[in-house]
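Asker: Let me begin by handing over the structure; questions about it come next.
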Amino acid sequence: MSTDHRLKALLQSKSPTSPNDVRLLATAISSPSQNESGLALLALSKVVDASNARGGDDAAQAARIKDTFNPLVSDAVSQGADDPASFVPAVSLLAALAPLAPAGTVALVTQSLGINSKEEASDIDPLGVLLELAELPSPLQPALAALLSALAGTKAGRGIVRDRAFEYLSAAVDAKDLEGDTGVLSAVALSKLGRPDPQVGEPEEQRLARDEQSLEGEVQLAHTLMGHIKSVSSAQAILPTLEGLSVLSTRPAIRDVLCSDADFLKAFLALSPVPQPKGGSLPVTPRSSMGSLDEALAPVDAALCFGLATVLAHLVARKPVLSEHDQQMERLRRMAISGKTALEAEDEDPAERDDAVEKRVVALLKAQVIPALSGIVRAESPRVRDALARICLGLVEERAHRAPFIRDGGFKVLTIVLRDSTQGMAAPQALAKLVITTPPQLLFPPPHQTNALNALAPLYTLLVSQEASLLQQFEALMALTNLASVDGQFGARIVDAKVATPDDFKGRGRDDTKVIDKVEELMLDDNTLVRRAATELVCNLVNSEAGFAHFAGEADGKESNIKVENGGKAVRSTARLGVLLLLTDVDDLPTRLAASGALAILTESPNACSAVVAGGAISGSHRSVWDRLGDLFEPGGERPDVEDADGQVSAVQTISSAPPDVGLAHRGAVIVSNLLEYVRELPEPEEKAARKSIAESRLEDRLTGAARTLAQSRQDESMQVAMMLARTKKLFVG
């Protein structure tokens, strides 16, 4: 029976744990045949899973792993004293076993062999035997380096490698007469060991010297691994090399080292399995016949793509924006470690600054990183897609890079990531940044409006998710505002949209988070920019039929008098109008413009006019509606409010030759005209009460003054608004 058939039989068996089975696995894992080694790794994983399924604590599981594979280790030790190469199958199996069962692997290599070396008093273990035999060149050297690298990547094995094999690995990195990939695999092992943990109360000079020495060692390791990527002397060591680079690139200083070598970046990106377009019979292949990124192509190595994506994600990563609480906790952590004061602990790593990240991004763009992403995205792995999302976000952070990102195919990659991504905010945030600055006809393929609809769902998620930061919610609002201005169907979809709550992913089927509710909540946020973005989105939404009906109180499709309607919908729509009215009176001019613009549209509805004129929209306020509307005609858009001895706020008429803000005056004229037209149609008692309130607010005088100062400016736009104000003034006469 062939090895392949025997391995397949092992996969189908319930308990492939006999000594012969273990020997077969060891031989197959060390085989140059990828098919045999792949089947053996699957069978090995099955053995570990079966052992863990038997339950027990970590010690019990480690003991079972040791019992299963101990015969292989014992046989190798007893038979390999004169031939180091005979250890290779067993060591290769241990290297594959280490990530799956680290505690059991450590137990296997550190068990006492019950023999003495050269009649010394201390017993030796398999690791000691291996380190001694690996002093001379042999196939054991790269196998042992791979085992040490695997152990260094685990919590259980890291201490053993640091204590027992650090000197051997350090010497192997510098040695020239080693077998195979020993040097690069040793560098990978050392990269995983990391820096020694900082000691509380450690003298500053000693800590700085240790950190500097560690950094020098990391730079040397990085250059060793970079050299291997550029030379590609062994394809078998590419994956471990990428693993080592992914660990080293978590240090900002190493990121600068990697991006400072153009030859390395070129060789590194060349590892991406970039798809080739299907050829055609014509000299120029028609665009319609070219293969898309996600169509069926030759399978790609998901592990390779993950290694590439992880390193790239580190290179473009920016320092996270922490909340105030998290910033304080980080300061306390630095103070505890360094012993510095709070001010001294604020030192920032130069390699983490935005300008340093920008320099790395520019280097990657010059090296053609975006076309390389089209190959990496072919790996249908959630971890690869997550890393790609972070890469896309890092590349489009600066506005100047967004056009090249779209031109070179980055948006197509991001679209694939968004389509298959179910969690994480990086991809939706990258999409939001692109939508904010790019016209839909340039960003989305034709038909533009239809394809642009696909962007709504990720933006909804970015807006309502509890994981989203305030910055991400702000960018979602900005992006939705741009889409809402494209066509009325976008506004209707946003108003009606719902986003699944976490319970939906547990199978409960709840779907009760409305996007518009989150928008209305953010209209009252303390952050000025967020409040402005939410209000501007509402201003665009009311231009759609659904948005108008929602905010004007006509969501049922019928006009009804809000003043006499006691339903919950009427109360909510009145509150929405009240929020808009209050936002016309805030300090931020763009927010006032957006809120007054929305009201100018909504007051075309009798429902909205009823709520505003009746005063219900600003229930509890000491100022009348007409007082607040008068502020729209004040010089420069200022709000001349005064507070009396009772704490009540009222507007005072100002005498100034300065004109009001043209935009506010224009919107104010439309709102007042709509409301006065409504007042004229009220029953006599109600009309009389409304006109009394108008007279007390001195709204007519304020409007007249605004018209006069605008007319004096002699500017076309101002003159047009002045004429509009003059026409509005005539409506004050009953």
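Asker: Please indicate, with yes or no, whether at least one residue in region 239-256 is assigned to a helix (DSSP H, G or I), free of Cβ contacts under 8 Å to residues at least 40 places away in the same chain and of a type in the set (Gly, Ala, Ser).
Answerer: Scanning region 239-256 turns up no residue that is assigned to a helix (DSSP H, G or I), free of Cβ contacts under 8 Å to residues at least 40 places away in the same chain and of a type in the set (Gly, Ala, Ser).
Asker: So for region 38-58 (the condition being of a type in the set (Ser, Thr, Tyr), modelled with pLDDT of 85 or more, over 43 Å from the mean Cα position of the chain (by Cα) and in the same structural domain as Val129 (by TED's automatic domain parsing)), does at least one residue qualify?
Answerer: Checked region 38-58: no residue is of a type in the set (Ser, Thr, Tyr), modelled with pLDDT of 85 or more, over 43 Å from the mean Cα position of the chain (by Cα) and in the same structural domain as Val129 (by TED's automatic domain parsing).
Asker: Scan region 54-74 and give yes if some residue there is among the small types (Gly, Ala, Ser) and touching a Pro at 6+ places or on another chain (Cβ under 8 Å), otherwise no.
Answerer: no
Asker: Out of the helices (runs of 4 or more DSSP H) lying entirely within region 390-468, which hold 1 or more residues that are in contact with an Asp or Glu (Cβ under 9 Å, 6 or more places away or on another chain), among the small types (Gly, Ala, Ser) and surrounded by 15 or more Cβ atoms within 10 Å (Cβ to Cβ)?
Answerer: Result: 426-437, 448-452.
Asker: Mind listing whichever residues of region 668-709 are hydrophobic (A, V, I, L, M, F, W, C), farther than 24 Å from Leu580 by Cβ and surrounded by 20 or more Cβ atoms within 10 Å (Cβ to Cβ)?
Answerer: Ala707 - this is the single residue of region 668-709 that is hydrophobic (A, V, I, L, M, F, W, C), farther than 24 Å from Leu580 by Cβ and surrounded by 20 or more Cβ atoms within 10 Å (Cβ to Cβ).
Asker: Sticking with this one: Among the residues of region 152-187 satisfying the criterion of being among the aliphatic types (A, V, I, L, M) and surrounded by fewer than 17 Cβ atoms within 10 Å (Cβ to Cβ), which is modelled with the highest pLDDT?
Answerer: Within region 152-187, the match that is modelled with the highest pLDDT is Ala171.
Asker: Of all residues in region 1-36, which are part of a helix (DSSP H, G or I), within 20 Å of Pro102 (Cα to Cα) and touching a Ser or Thr at 6+ places or on another chain (Cβ under 8 Å)?
Answerer: Within region 1-36, Val22, Ala26, Ile29 qualify.
Quick grid of which residues meet (1) surrounded by 14 or more Cβ atoms within 10 Å (Cβ to Cβ); (2) at pLDDT 90 or above; (3) within 18 Å of Ala145 (Cβ to Cβ):
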{"position": "Val200", "(1), (2), (3)": "no, no, no"}
{"position": "Ser214", "(1), (2), (3)": "yes, no, no"}
{"position": "Gly217", "(1), (2), (3)": "yes, no, yes"}
{"position": "Thr224", "(1), (2), (3)": "yes, yes, yes"}
{"position": "Gly227", "(1), (2), (3)": "yes, yes, yes"}
{"position": "Ser231", "(1), (2), (3)": "no, no, yes"}
{"position": "Ser234", "(1), (2), (3)": "yes, no, yes"}
{"position": "Pro240", "(1), (2), (3)": "yes, yes, yes"}
{"position": "Val247", "(1), (2), (3)": "yes, yes, yes"}
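Asker: How many of the residues in region 66-92 are β-branched (Val, Ile, Thr) and closer than 18 Å to Ser13 by Cβ?
Answerer: 1
Asker: Could you check how many residues of region 399-421 are of a type in the set (D, E, K, R) and closer than 21 Å to Glu380 by Cα?
Answerer: Number of matching residues: 3.
The values are calculated or read from the model by the stated rules, or taken from the named source; none is laboratory data. Only a predicted model underlies this, so the values are computations on that prediction, with no experimental measurement involved. Cβ atoms come from the backbone with ideal geometry, glycine included; neighbour counts cover every protein chain shown.
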